[in-house]
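I have placed the structure first, in the form of structure tokens, so that the comments after it can refer back to it.
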Amino acid sequence: MPSQGGFMNSQQAGYRKGLLGATAVYLLVMLFYGKDMFALGSLDGFYSQVNYVHNNLGYFDILAPVHYLRYAIAYPFFYMHQNGVPDFFQALVYVAYLSPFYFIRQSLSTFVVLMLLLIAPFGISYRSCLVIAGLFYLYFIVYMGEGRRLIFWLSAALATLSSGVLIAWILICLLYKRSIRISLKNYTVTLFVFSLLLGCSVVHKIGFFDRLSPAKVSVSMEKKLVKVKEPVIAMNRVIAGHSDNFFIKVVRRSTLYVTWVRGNFTKFYFYVTLLSVLVCATLIKLREGLYPAAFFAVGIPGFLVEGLGSLAFSLCALAVIVEFLQCSGHFRRLKTIDSI
């Protein structure tokens, strides 16, 4: 009869083989399907930001640290887009950013998360997928206790692709500094970097909510915003009206509010489901105490800010739920990948 340690090693090896097999299938599909991070070109605000940095290397302002990090992360995709490289190679770059999944301790939850991240590019942008992966790397360090510096810094870099997620990421790091400290030799320097990035992110996010005040938005600009499908920006004037109260502006640009007002109830209930998953994970962690649950409590306000943060935290929450069900015996009869 095999020992428990041998069974665990066999199970982890099975998950790892499953991950590699799924990745191979993903790349095979992408060989024919293809996906370009910057397919929308100038209609994509992220492309405009990366393109601006590319054409103005050396500029510096309060947001420059975040912008340069975003540029560095997106550069392989940007270079391929600009030079007409086949989209398949962007899929290879995406898989490279997911490579930590193949080296961390394997479990059913990491297997499920990677499966979803390999499916996600067919529905959302590479940028969104990378933000989700970045937050999950932090989740893994905090809860799984494997503090690897490379994974930590990769998590930090990917989090910068979304200002809202970066703010939450930094707050989580400050809350769980004892867990994060394991992977860092000089935490003082880290705190300084955190403070710098937090300041840049807060300025950027406040600027987003305030830059399109009634005095700054013309009728022609409204039409352009609606035409290029940027409802979160345009809705505040076109449908939701205006307010001088910053918090009301935040709520009126939130994903839940915008989808409800626009009558996009399918998307609205989708985000309500994500919120329910996050609340469920928070309640599961509350069984262990307030401190373990803080990670997900930080994410709940994200539903009032942006949809990307909602997706990122919900995937981490799903990992918690999977682990909870597995530990509760609900997956006890589930065969391991290597036994199928």
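Computed values, structure above
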| quantity | calculated |
| --- | --- |
| Failed criterion for A96 (all others in (1) touching a helix residue (DSSP H, G or I) at 6+ places or on another chain (Cβ under 8 Å); (2) closer than 24 Å to K17 by Cβ; (3) among the hydrophobic types (A, V, I, L, M, F, W, C) hold) | (1) |
| Checking P301 against (1) buried (at least 20 other Cβ atoms within 10 Å of the Cβ); (2) at pLDDT below 75, the condition it does not meet | (1) |
| Among the candidates G134, G164, residue that is at pLDDT 90 or above and of a type in the set (G, A, S) | G134 |
| Residue count for segment 54-93, restricted to those that are among the aliphatic types (A, V, I, L, M) and closer than 30 Å to L20 by Cβ | 9 |
| Subset of segment 1-24 that is of a type in the set (A, V, I, L, M, F, W, C) and surrounded by 13 or more Cβ atoms within 10 Å (Cβ to Cβ) - its residue that is modelled with the highest pLDDT | A22 |
| Candidate set from segment 166-180 (those that are crowded, with 20+ Cβ neighbours inside 10 Å and over 13 Å from Y139 (Cα atoms)); member that is nearest to the chain's Cα centre (by Cα) | L166 |
| Filter result for R127 (modelled with pLDDT under 85 and farther than 18 Å from L175 by Cα) | no |
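The values are calculated or read from the model by the stated rules, or taken from the named source; none is laboratory data. Because the structure is predicted, anything quoted here is derived from the model rather than measured. Here the Cβ is made from the backbone with ideal geometry for all residues, glycine too, and neighbour counts use every protein chain on show.
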